[in-house]
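Have a look at the structure below before the remarks.
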Amino acid sequence: MGSSPHDSYPPELSPEEQEYLLTTLNDWSIAHGLAVRPAPSFVRPDQDPAGVLAATAPVTLFPSLFPRNCFEEGLAIQTAYNELYSAIARDEDWLKGIVEELVDIDDFVGKLWQTHLAVKKEGYVQDLSLGLFRSDYMVHTDQTSPSSSSGLKQVEFNTIASSFGGLSSQISRLHRYLLSIDAYPSSVRSIINEEALRQSKSASSLAQGLAAAHKAYGPSKTGRSLCVLFVVQNPERNVFDQRHLEYALFEENSVRAFRLPFEQTLSHTKLDEDRTLLYTPPNSPSTTYEVTTIYFRAGYSPDDYPEEKEWNARLHLEKSRAIKCPSVLTHLAGCKKVQQVLATPHSPHLKRFLPNDQVASKVLSTFAPIYPLDDSEAGQEAKKLAQNVESASRYVLKPQREGGGNNVYRKAIPTFLEKLPQTHWPAYILMEMIEPPPLTNAILRNGELQRGGVIGELGVYGVCLWRNGVDGKDAGQILENWEAGYLLRTKGDQSEEGGVAAGFGAVDSVCLVASGSTGA
């Protein structure tokens, strides 16, 4: 087998080439908001007591090679995934059957379901829901059949706080800029070229989704100015990613947005008599806005609810007339248990939500095998696989959590399960590991350059706005549905986790190549 120019990608750099590339990359990144707040380990609190300093987000120096057919497949199937998860969120009875398996063994899921029931008891006053989704994939190569082609397999589907849409647009711009000013060595210009790079439109497209919900809300009920509310964590390390959406929302759609730390919700918002949500900015107490849309960038983790007041705040927001992104039912639709129920081999559930056989077949082809850890036949088989060190080495154990850093991998699974009461095993799913092709790249993190083997994870964003149906008496209606750009996260091949905000991955963009040219 002959060598390929991709075999030496990315190239070794001379000291002069590396210095120029790193200086240009750092300057461009800070100037364009491709940044994060530094972690405490990077800048001590006493050096930055106000928390205003920022650092370049972890980024790759070069765009990573990615099979063109897999990239195009991921973008093309996103509207089907939007349809699938909006349908799940509308089907309360089906979702109830899933959630009721978890409420006694997963307090967080139980509290979310209780929030839904509390709102339902009073009556939902908003029939519209917005999803800014992200479906995450890896390129899978069948290790037992080297001649087989690569394909996409889904890692997970995110229904809440699907991050890095802002930074993704910036990293693809950065790589194109570095190409245009000849910062890359001439030896790779046959690989990195304008046609091979793909600009992500995610910041603008996700902002358009928020603007669509804002418009669909209709005229003000109170005569006040309208706004969108970003509910965020405090402190928020990923503020710049969110700001890009906020700026696009204002500059491209003329929609005003405000940022509200989750724990301050009850201090700065109130419901009027018909549950219209009103927001008074603390810097301008004489001005009150009517909120059309709540964009949750907090509330996805149990850590966001340290006290009961945060649960009261979530209930307060869910009861309101504002359109939620996501609603609590859409949040619950993103549970790993839902993914498992859909993807377990021979599952009959997918066609319930995607009646078109051709569409359902395309979605099914992206599923990796996933199993429950319950008393079903599939669950009993999964327990055997998970407790055996040799077979467990092909799997990952996942809880019902978002945000990175929660999974248990491979040979660590049996030991983990030994320490976990068996009554809590059904709160986890067992997923077959996806085997990506070997790649190399260089990652800049906290000023340090790390070069070596890497693994890429493609995230495809989607926007979906739908009507739930009056009191659940009809099937609802999808009003908007589009693919909204992409994210590529790259991590060292020795790291199982890929979350950038959680400290594992780096933001990247694609350099499209023919299938089989990435080492597959």
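Before moving on, here are some points about what is shown:
- Residues satisfying the stated conditions in the range 349-369, i.e. open to solvent by less than 30 Å² (accessible area, probe 1.4 Å) and at pLDDT below 90: Ala368
- From Leu13, Leu65, residue being aliphatic (A, V, I, L, M), in contact with a His (Cβ under 8 Å, 6 or more places away or on another chain) and closer than 26 Å to Ala514 by Cβ: Leu65
- As a summary of the residue check, Pro261 satisfies the conditions (1) open to solvent by 10 Å² or more (accessible area, probe 1.4 Å); (2) more than 27 Å from the chain's Cα centre (by Cα) except for the one numbered (2).
- Checklist (1) open to solvent by less than 50 Å² (accessible area, probe 1.4 Å); (2) assigned to a helix (DSSP H, G or I); (3) closer than 22 Å to Trp311 by Cα applied to Trp94, failing item: (3)
- When Ser286, Ser267 are checked against the criterion of being assigned to a helix (DSSP H, G or I) and either surrounded by fewer than 24 Cβ atoms within 10 Å (Cβ to Cβ) or among the hydrophobic types (A, V, I, L, M, F, W, C) (or both), a single residue qualifies: Ser267.
- Any hit, the range 290-303, residues being in a loop (DSSP other than H, G, I, E, B), more than 20 Å from the chain's Cα centre (by Cα), at pLDDT 95 or above and on the phi < 0 side of the Ramachandran plot: no
- Residue pairs whose Cβ atoms lie under 6 Å apart, separated by 6 or more positions or on different chains, with the first residue in the range 466-491 and over 16 Å from Gly456 (Cα atoms) and of a type in the set (Phe, Trp, Tyr) and the second at pLDDT 95 or above and not in a strand (DSSP E or B), are Trp466/Ser86.
- Condition met for Glu381 (exposed (fewer than 15 other Cβ atoms within 10 Å of the Cβ), in contact with a strand residue (DSSP E or B) (Cβ under 8 Å, 6 or more places away or on another chain) and under 16 Å from Ile413 (Cβ atoms)): yes
- Just one residue in the set Val341, Val291 is surrounded by fewer than 22 Cβ atoms within 10 Å (Cβ to Cβ) and either touching a residue at least 40 places away in the same chain (Cβ under 8 Å) or under 26 Å from Gly97 (Cα atoms) (or both); that residue is Val341.
- Test: residue in the range 404-427 that is without any contact (Cβ under 8 Å) to a residue 12 or more places away in the chain and closer than 30 Å to Leu61 by Cβ: yes
- Output for the range 227-257, where each listed residue is at pLDDT 95 or above and not in a helix (DSSP H, G or I): Cys227, Val228, Leu229, Phe230, Val231, Val232, Gln233, Ser254, Val255, Arg256, Ala257
- Helices (runs of 4 or more DSSP H) wholly inside the range 1-90 that include at least 1 residues being closer than 25 Å to Ile443 by Cβ, open to solvent by 70 Å² or more (accessible area, probe 1.4 Å) and not charged (D, E, K, R): 15-31
- Entry remark, the range 45-75: residues being closer than 22 Å to Val507 by Cα, of a type outside the set (Val, Ile, Thr) and touching a residue at least 60 places away in the same chain (Cβ under 8 Å) number 18 in total.
- Tabulated pairs, the range 228-254, first of a type in the set (Asp, Glu), second in a helix (DSSP H, G or I) and open to solvent by 50 Å² or more (accessible area, probe 1.4 Å), C-beta under 8 angstrom, 6+ apart or interchain: Glu252/Gln208
- Complete set of residues in the range 96-142 that are of a type in the set (A, V, I, L, M), closer than 30 Å to Lys215 by Cβ and over 21 Å from the mean Cα position of the chain (by Cα): Ala118, Val119, Val125, Leu128
- The range 99-109: number of residues that are assigned to a helix (DSSP H, G or I) and within 16 Å of Ala333 (Cβ to Cβ): 3
- Those residues of the range 435-456 which are open to solvent by less than 20 Å² (accessible area, probe 1.4 Å) and modelled with pLDDT of 90 or more, in sequence order: Asn441, Ala442, Ile443, Leu444, Val454, Gly456
- Selection status of Lys153, touching a strand residue (DSSP E or B) at 6+ places or on another chain (Cβ under 8 Å) and more than 18 Å from Gly209 (Cβ to Cβ): yes
- Subset of the range 136-162 that is at pLDDT 95 or above and not in a strand (DSSP E or B) - its residue that is nearest to Glu457 (Cα to Cα): Ser162
- Matching helices (runs of 4 or more DSSP H) fully within the range 312-419 where at least 3 residues are under 18 Å from the mean Cα position of the chain (by Cα): 328-333, 336-343
The values are calculated or read from the model by the stated rules, or taken from the named source; none is laboratory data. Since this is a predicted model, take the numbers as computed values, not measurements. Don't worry about glycine lacking a Cβ; one is built from the backbone with ideal geometry, like all the others, and counts go over all protein chains shown. We work out accessible area using only protein heavy atoms, side chains counted, and drop any ligands, DNA or RNA first. Shrake-Rupley method; radii C 1.70, N 1.55, O 1.52, S 1.80 Å.
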